[in-house]
Amino acid sequence: MERQSLRELTDFYFKRNHNNKIDYDHYVDKKHKFDIIITQKDRDNNNDKKIGVFVCDIHRSIGLNVLRKTQQMLEDSNEITDAVLVGKNFSSQVRKFKESYDVKLLSRSQIRRNLESKWDY
């Protein structure tokens, strides 16, 4: 069986675990984009919550520069209210300083575990 790319796995994960609208390739500016946009309907006040998902499929651990870039994309976007950074693994600095950023981290192994246990993100 062919191994899924991280983007395919992430797409499958969010489609399976959320009954929300899924869009793709939301450009914040000419160079930067969120790969997946999840729109959650707010039943109470008709405001939609948009979550930007940035998938970083590289062959090394993700460093602070990528976390900072994702944070900047979140701040630069008027529509996105939350951000998720998805990667294979994260550097020790990213894990140490993640609380200083408004970006949630999600690794390939967390996605696989959550899919296997049917735990909702």
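This table checks each residue for (1) among the β-branched types (V, I, T); (2) over 19 Å from D35 (Cβ atoms).
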site	(1), (2)
L64	no, yes
Q72	no, no
E75	no, no
E79	no, no
N89	no, no
E99	no, yes
V103	yes, no
I111	yes, no
E116	no, yes
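For (1) surrounded by fewer than 15 Cβ atoms within 10 Å (Cβ to Cβ); (2) closer than 18 Å to I22 by Cα; (3) aromatic (F, W, Y), each residue gets a yes or a no:
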| site | (1), (2), (3) |
| --- | --- |
| D48 | yes, yes, no |
| I51 | no, yes, no |
| S61 | no, no, no |
| T70 | no, no, no |
| M73 | no, no, no |
| G87 | no, no, no |
| Q93 | yes, no, no |
| Q110 | yes, no, no |
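The helices (runs of 4 or more DSSP H) found wholly in the stretch 41-121 and carrying at least 2 residues that are in contact (Cβ under 8 Å) with a residue 24 or more places away in the chain and within 15 Å of the chain's Cα centre (by Cα) occupy 64-76, 108-117.
Whenever a residue of the stretch 22-37 is outside any strand (DSSP E or B), its partners that are among the aliphatic types (A, V, I, L, M) and surrounded by 15 or more Cβ atoms within 10 Å (Cβ to Cβ), lying with C-beta atoms within less than 9 angstrom and at least six residues away or across chains, give the pairs V28/M73; V28/L74; V28/I80; D29/M73; H32/M73.
Screening E8 on (1) in contact with a helix residue (DSSP H, G or I) (Cβ under 9 Å, 6 or more places away or on another chain); (2) modelled with pLDDT of 90 or more shows it passes everything except condition (1).
The values are calculated or read from the model by the stated rules, or taken from the named source; none is laboratory data. Everything quoted here is computed from the prediction, not taken from an experiment. Cβ coordinates were reconstructed from backbone atoms using ideal geometry, including for glycine residues, and neighbour counts include every protein chain displayed.
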